[in-house]
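Enquirer: Here it is: the structure, laid out below.
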Amino acid sequence: MNAALLLLPAVLILAAGFLYPVALLGRISLNRTSDIGAMEPDLTLATFEKVVGDDFTWELAWNTATLAAGSALAATALALPVVLLIRAAPPRWRGLLSLMAIAPLLVSGTARIVGWLAILGDQGLINAALEGLGLATEPLRLINNLTGVRIGLTESLMPYACLVLIAGLGRLDPRLEEAAATLGATRTKTFLRVTLPLAAPALLAAFLLTFVLGVSAFITPRLMGGGRVFVIATEIFDLALETVDWPAAAALAMLLLGALAVALVLRTALTRSARA
Amino acid sequence: MTHLRLEGLTRRFPGAAHPAVDGVSLQLPKGALLALLGPSGCGKTTTLRMIAGLEVPDGGRVLVAGQDVTALPPHRRNMGVVFQSYALFPHMTAAANVAFGLEMRGIGRAERRARVDEALALVGLSDLALRKPRQLSGGQQQRVALARALAIRPDLLLLDEPLSALDAKLREGVRDEIRALQQRVGATTVFVTHDQTEALAMADLVAVMNEGRVEQLGAPEEVFERPATRFVATFVGRAARLPGKVEGPGVVRCGEVALRFSPSPVHGGGPGWGDAAGTTVELFIRPHHIRPLVEGQPADNVLDAQVLRRTFTGDVVALECATPAGTLLAELHGGTRGASAAVGSRLRLGFAAQDVRVFPA
Amino acid sequence: MRPGWVLRLLAFCGYALLLAPVIVVAIISFSAGDFLTFPPPGFSTRWYEALFANGQLMAALQRSAILASVVAVIALLAGMPAAYAIARLRFPGRDAIAMLIAAPLLLPTLVLGLALLLALQPLKLAATWPGLVLAHSMVALPFAVRIMTTAFGAVPKEVEEAAWTLGATPARAALRITLPIAAPGAAAAGALCFLVSFDETVISLFLVGPRLSTLPVEMFRYVETRTDPLVAALAMALIGVALAVVLLVERLVGFNRALGRG
């Protein structure tokens, strides 16, 4: 059978829906925006200069990076006990437990945010509980700000961290910990001296993946931030659809892609050196 | 009449140091069963796959009934193949599996039915026609695979280790069944195995393969009794191996004694080679050729022996004996003379000059 | 080794965070109140009734279902032959093609959405069915190819070879033998592609128009402006579809294998 013929439909879809648009994105980032806001064909780095020279871009980049790093760290840290439990569970429970950890990945992000609004909102679960316990008279502001975005992003990144950790820790022989226990190590010692060092490469991989996903997250910052939290992704969206400054949106998107490419290369290098 | 003919069949896998199959040539008469026998990695399965068209040779030809099929893809060759894993179609019933080849040949529904019934009856599975493969035992699956291969009335029947997935207990019965079936339908057959007992019991012709080459092609008795090369002598059957040096025509010195052998036309060193005095050689003597002698009984070769170890395996007693020529292994049937010899007891062992095989060391 | 109580407690916290939003949405969708108040002041099905009575949302639901079905079919039709080639055939550039097909998953959907907008707008394909179908097929395709490559790879080569020796051409053997054996994988791939399209929000935000909007986009906009339990009822519709797909995929091929990265 002819491989080229079999691949043709898939390649056509990718060429029209992926390669051409992404190439065009790169091309448009080299155009200019005129004073009246119209796009003018050009081959210039002027838009990049404008974007890079703007302090707001750097503020956004800092916001984005710290938000993503914090949430990725939290997601990885919370995913570790979940995955360790899955690994220690009897085989018949393992499937269900890992399904519960990964399935949220397939639930629409917006739907999960509705849940968070009901939990974190002024009349939500947390504030109702705090008020009921007499711990607060004023509702705690947990949505429409950075805190809400952090919580929502952490949760949305966790399934990815679980996925990476399940793959990474699944290869570790559970008898290693049993061996440590027979040698007299306590649970804490076993965890610190055996489990954690062995899990380190998987943890690093999980952190880097969730960081990259966090950097480009859009729905959570937009909806949990209530329009008050600004990151690179929301800025690209606004430039493209509100301001309709396509060259600027394209340039910022290209810079984001560049940063992600660097992160990807770094990740490959780090996981390779961790394995070696 | 030659039905299958292989001419210099060669296959090199990319990156491998040696060819997997290296110039294999042989001929097989119509209706005969050929066993390709050898250790794993000897190229026997690759040879079978080239006959089936599943592997493209780098050199050489495959001829069936005088026709060169080397360039034909497998689906145009008409060969019934039974794979090691049986490779039954898991989503089809036994009957549908058997019918598949007939359907591909565009055979009409009525005839297809008749031939499926016939093939399933042949292997004794008529009652299980509507079962799916996973509802069948290993032995039954194997028979479906055989029926499927036979239903297309193949020019050649090719069997790749068909017994290896079966329990040891089943194997012997199935082996005899396959042989009987093959003779009944008269299918010219090539059979791949690493088990010498299987090969010797079933085949009309045995090709012993090693490192991609055919070391010896012959009838089972011939391969067993007159191994052509040192490899064949080692691989097929067991033998005591003694190092020695040629003293003259038909005489070799082994340790402290001179042993006599009859130089045969086939051995590893070429014609006349064993006559040259001083040549270092290795002697092979089969355990069943060695027999205990009574006092004064003559033999070509006589050795004083002391029993070192005695192993009872049911019908046969194996005696490992120290002799002036080296350690010898004798196999005696229970109840025969010498079979009850205890460890440490002394025996006189004798064997004929014609049963000694000599190969270059 | 049995997990200790510290690990159990931490893992419970992890699961709580993972599952809390879905559980809370399920409860609050039956709220009798007017806002996203938790615990709800009472229970009723009024918001489901409101959802079914909402013509705009129901139209979007119908549109999303049709779009997702079309995308699933296209992704399977294009993805299965490609997966077969990658799993079974040897040809130059095989690894490069496999990487190319997986590449859309490496890019943020936001960037893909922007790129598609820039490409489709000048062609007058933005806010059209063909534009949406192309965009969604492109994101769904990597999933279809990945699952089907695994599914085809799991069919023993010998079974296909057996079909050849019985007289089937390679194409016929692939259609009659390999494809039916890989059918559970194909069903799982179809279900997952359906879900990927049905849930796809970010790319759609760039490509929908006033008269052609999808359910996730409608929901996104609803959450941006209002917060009442209607949106929870709406979220339940999406969660229900996701749950059905998850169970189907788990049953057919195992979830870890479908999404796993290694």
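Enquirer: Scan the stretch C:219-246 for residues that are under 21 Å from C:Val139 (Cβ atoms) and in contact with a Leu (Cβ under 6 Å, 6 or more places away or on another chain) and jot them down.
Expert: C:Met219, C:Ala242, C:Val245, C:Val246
Enquirer: Of the residues B:Thr336, B:Thr311, only one is touching a Pro at 6+ places or on another chain (Cβ under 9 Å), assigned by TED's automatic domain parsing to the domain that holds B:Ile285 and more than 19 Å from B:Leu283 (Cβ to Cβ); which? Break it down into steps so the answer makes sense when it comes.
Expert: Numbers: B:Thr311 fails: touching a Pro at 6+ places or on another chain (Cβ under 9 Å).
Going through B:Thr336, B:Thr311 in turn, just one is touching a Pro at 6+ places or on another chain (Cβ under 9 Å), assigned by TED's automatic domain parsing to the domain that holds B:Ile285 and more than 19 Å from B:Leu283 (Cβ to Cβ): B:Thr336.
Enquirer: What is the number of the single condition among (1) crowded, with 19+ Cβ neighbours inside 10 Å; (2) at pLDDT 95 or above that B:Ser25 does not meet?
Expert: Among (1) crowded, with 19+ Cβ neighbours inside 10 Å; (2) at pLDDT 95 or above, B:Ser25 violates only (1).
Enquirer: Is it the case that some residue within the stretch C:71-81 is closer than 17 Å to C:Leu132 by Cα, loosely packed, with under 14 Cβ neighbours inside 10 Å and either more than 8 Å from every other protein chain (Cβ to nearest Cβ) or not aliphatic (A, V, I, L, M) (or both)?
Expert: no
Enquirer: B:Thr336 versus (1) surrounded by fewer than 14 Cβ atoms within 10 Å (Cβ to Cβ); (2) more than 26 Å from B:Ala277 (Cα to Cα); (3) in contact with a strand residue (DSSP E or B) (Cβ under 7 Å, 6 or more places away or on another chain): which is the lone unmet condition?
Expert: Unmet for B:Thr336, out of (1) surrounded by fewer than 14 Cβ atoms within 10 Å (Cβ to Cβ); (2) more than 26 Å from B:Ala277 (Cα to Cα); (3) in contact with a strand residue (DSSP E or B) (Cβ under 7 Å, 6 or more places away or on another chain): (3).
Enquirer: Pairs please, first residue from the stretch A:4-15 and among the aliphatic types (A, V, I, L, M), second anywhere and loosely packed, with under 14 Cβ neighbours inside 10 Å and not in a helix (DSSP H, G or I), Cβ atoms under 9 Å, 6+ apart in sequence or on different chains.
Expert: From the stretch A:4-15, the pairs are A:Ala4/C:Phe91; A:Leu7/C:Phe91.
Enquirer: Let me ask something else. Would you confirm whether any residue within the stretch C:129-149 is facing chain A (nearest Cβ under 10 Å), of a type in the set (Val, Ile, Thr) and crowded, with 22+ Cβ neighbours inside 10 Å?
Expert: Taking every residue of the stretch C:129-149 in turn, at least one turns out to be facing chain A (nearest Cβ under 10 Å), of a type in the set (Val, Ile, Thr) and crowded, with 22+ Cβ neighbours inside 10 Å.
Enquirer: Can I ask one more? Tally time: how many residues in the stretch A:248-276 are in contact with a Ser or Thr (Cβ under 6 Å, 6 or more places away or on another chain) and either facing chain C (nearest Cβ under 10 Å) or not in a helix (DSSP H, G or I) (or both)?
Expert: Number satisfying all stated conditions: 2.
Enquirer: Looking at the stretch B:279-292, which of its residues are farther than 17 Å from B:Val316 by Cβ and buried (at least 18 other Cβ atoms within 10 Å of the Cβ)?
Expert: Result: B:Val281, B:Glu282, B:Leu283, B:Phe284.
Enquirer: Same structure again: I'm told C:Ala154 meets every condition in (1) out of contact with any strand residue (DSSP E or B) (no Cβ under 6 Å at 6 or more places or on another chain); (2) modelled with pLDDT of 95 or more except one. Can you identify the failing condition by its number?
Expert: (2)
Enquirer: A further question on this structure: Can you work out which of the residues in the stretch A:131-168 that are in a helix (DSSP H, G or I), surrounded by fewer than 20 Cβ atoms within 10 Å (Cβ to Cβ) and at pLDDT below 90 is farthest from the other protein chains (Cβ to nearest Cβ)?
Expert: Restricting to residues being in a helix (DSSP H, G or I), surrounded by fewer than 20 Cβ atoms within 10 Å (Cβ to Cβ) and at pLDDT below 90, the top hit is A:Glu131.
Enquirer: A further question on this structure: Give the residues of the stretch A:181-194 that are of a type outside the set (Val, Ile, Thr), over 35 Å from the mean Cα position of the chain (by Cα) and within 12 Å of chain C (Cβ to nearest Cβ), sorted by residue number.
Expert: Initially, the stretch A:181-194 is screened for residues of a type outside the set (Val, Ile, Thr), giving A:181, A:183-185, A:187, A:189, A:191-193.
Retained after the next criterion (residues that are over 35 Å from the mean Cα position of the chain (by Cα)): A:181, A:183-185.
The answer is A:Ala181, A:Ala185.
Enquirer: Further question: Give me the helices (runs of 4 or more DSSP H) completely within the stretch A:1-80, filtered to those with at least 3 residues that are more than 9 Å from chain C (Cβ to nearest Cβ) and modelled with pLDDT under 95, ordered by residue number. Please lay out each step first, then the result.
Expert: Values: elements: A:3-14, A:20-28, A:46-53.
Qualifying helices (runs of 4 or more DSSP H): A:46-53.
Enquirer: May I pose another question? Since C:Thr165 meets every condition but one in (1) in contact with a Pro (Cβ under 8 Å, 6 or more places away or on another chain); (2) crowded, with 24+ Cβ neighbours inside 10 Å; (3) more than 30 Å from B:Pro133 (Cβ to Cβ), which condition does it not meet?
Expert: (3)
Enquirer: Follow-up. Yes or no: C:Pro180 surrounded by 24 or more Cβ atoms within 10 Å (Cβ to Cβ) and assigned to a helix (DSSP H, G or I)? Spell out the reasoning first.
Expert: Details: surrounded by 24 or more Cβ atoms within 10 Å (Cβ to Cβ): no; assigned to a helix (DSSP H, G or I): yes.
For C:Pro180, the condition - surrounded by 24 or more Cβ atoms within 10 Å (Cβ to Cβ) and assigned to a helix (DSSP H, G or I) - is not met.
Enquirer: Further, regarding this structure: Kindly indicate which of B:Gly38, B:Gly15 is in contact with a helix residue (DSSP H, G or I) (Cβ under 6 Å, 6 or more places away or on another chain) and farther than 23 Å from B:Ala145 by Cα. Please lay out each step first, then the result.
Expert: Details: B:Gly15 fails: in contact with a helix residue (DSSP H, G or I) (Cβ under 6 Å, 6 or more places away or on another chain).
After applying the criteria, what remains is B:Gly38.
Enquirer: Name the strands (runs of 3 or more DSSP E) wholly within the stretch B:281-361 that hold at least 1 residues that are more than 21 Å from B:Pro249 (Cβ to Cβ)? Spell out how you get there, then give the answer.
Expert: On the way: elements: B:301-312, B:316-323, B:326-333, B:346-351, B:356-360.
Because the criterion is at least 1 residues that are more than 21 Å from B:Pro249 (Cβ to Cβ), the strands (runs of 3 or more DSSP E) in the stretch B:281-361 that meet it are B:301-312, B:316-323, B:326-333, B:346-351.
Enquirer: If you scan the stretch C:63-81, which residues turn out to be among the aliphatic types (A, V, I, L, M) and either touching a residue at least 12 places away in the same chain (Cβ under 8 Å) or touching a His at 6+ places or on another chain (Cβ under 7 Å) (or both)?
Expert: Start the filter on the stretch C:63-81 by keeping residues that are among the aliphatic types (A, V, I, L, M), which leaves C:65-68, C:70-78, C:80.
Within the stretch C:63-81, C:Ala65, C:Leu67, C:Ala68, C:Val70, C:Val71, C:Ala72, C:Val73, C:Ile74, C:Ala75, C:Leu76, C:Ala78, C:Met80 meet the criteria.
Enquirer: Only one of B:Met1, B:Met50, B:Met104 is surrounded by 22 or more Cβ atoms within 10 Å (Cβ to Cβ) and either at pLDDT 95 or above or out of contact with any Asp or Glu (no Cβ under 7 Å at 6 or more places or on another chain) (or both); which? Don't jump to the end; show me each part of the working.
Expert: Numbers: B:Met1 fails: surrounded by 22 or more Cβ atoms within 10 Å (Cβ to Cβ); B:Met104 fails: surrounded by 22 or more Cβ atoms within 10 Å (Cβ to Cβ).
Only one candidate passes the filter, namely B:Met50.
Enquirer: Let me ask something else about it. Checking B:Ala87 against (1) part of a loop (DSSP other than H, G, I, E, B); (2) touching a residue at least 60 places away in the same chain (Cβ under 8 Å); (3) surrounded by 19 or more Cβ atoms within 10 Å (Cβ to Cβ), only one condition comes out false. Which one?
Expert: With (1) part of a loop (DSSP other than H, G, I, E, B); (2) touching a residue at least 60 places away in the same chain (Cβ under 8 Å); (3) surrounded by 19 or more Cβ atoms within 10 Å (Cβ to Cβ) applied to B:Ala87, the lone miss is (2).
Enquirer: Also: Take the stretch B:16-29 and flag every residue that is within 19 Å of the chain's Cα centre (by Cα) and assigned to a loop (DSSP other than H, G, I, E, B).
Expert: Listed by number, the list holds a single entry, B:Ala20.
Enquirer: Identify all residues within the stretch C:1-43 that are more than 7 Å from chain A (Cβ to nearest Cβ) and within 20 Å of C:Arg226 (Cα to Cα); write none if there are none.
Expert: C:Ala26, C:Ile27, C:Ser29, C:Phe30, C:Ser31, C:Ala32, C:Gly33, C:Asp34, C:Pro40, C:Pro41
Enquirer: Oh, and also: With respect to C:Ala96, determine if the residue is more than 27 Å from C:Ile181 (Cβ to Cβ), at pLDDT 95 or above, over 18 Å from the mean Cα position of the chain (by Cα) and part of a helix (DSSP H, G or I).
Expert: Numbers: more than 27 Å from C:Ile181 (Cβ to Cβ): yes; at pLDDT 95 or above: no; over 18 Å from the mean Cα position of the chain (by Cα): yes; part of a helix (DSSP H, G or I): yes.
Answer is no for this residue.
Enquirer: Give B:Gly101, B:Gly59, B:Gly53 a once-over and let me know the one that is at positive phi and either in contact with a helix residue (DSSP H, G or I) (Cβ under 8 Å, 6 or more places away or on another chain) or away from every other protein chain (no Cβ under 14 Å) (or both).
Expert: Numbers: B:Gly101 fails: at positive phi; B:Gly59 fails: at positive phi.
One residue alone meets the criteria, B:Gly53.
Enquirer: Which residue is nearest to C:Val133 (Cα to Cα), if the candidates are limited to the stretch C:84-102 and must be within 7 Å of chain A (Cβ to nearest Cβ) and of a type in the set (A, V, I, L, M, F, W, C)?
Expert: To start, the set of residues in the stretch C:84-102 that are within 7 Å of chain A (Cβ to nearest Cβ) comprises C:84-85, C:89, C:91, C:97, C:100-101.
So of that shortlist, the ones also of a type in the set (A, V, I, L, M, F, W, C) come out as C:85, C:89, C:91, C:97, C:100-101.
Numbers: C:Ala85: 24, C:Leu89: 29, C:Phe91: 30, C:Ile97: 22, C:Leu100: 20, C:Ile101: 17 Å.
It comes out as C:Ile101.
The values are calculated or read from the model by the stated rules, or taken from the named source; none is laboratory data. Source: prediction; values computed, not measured. Every residue, glycine as well, gets a Cβ built from its backbone with ideal geometry; the counts of neighbours run over all protein chains shown.
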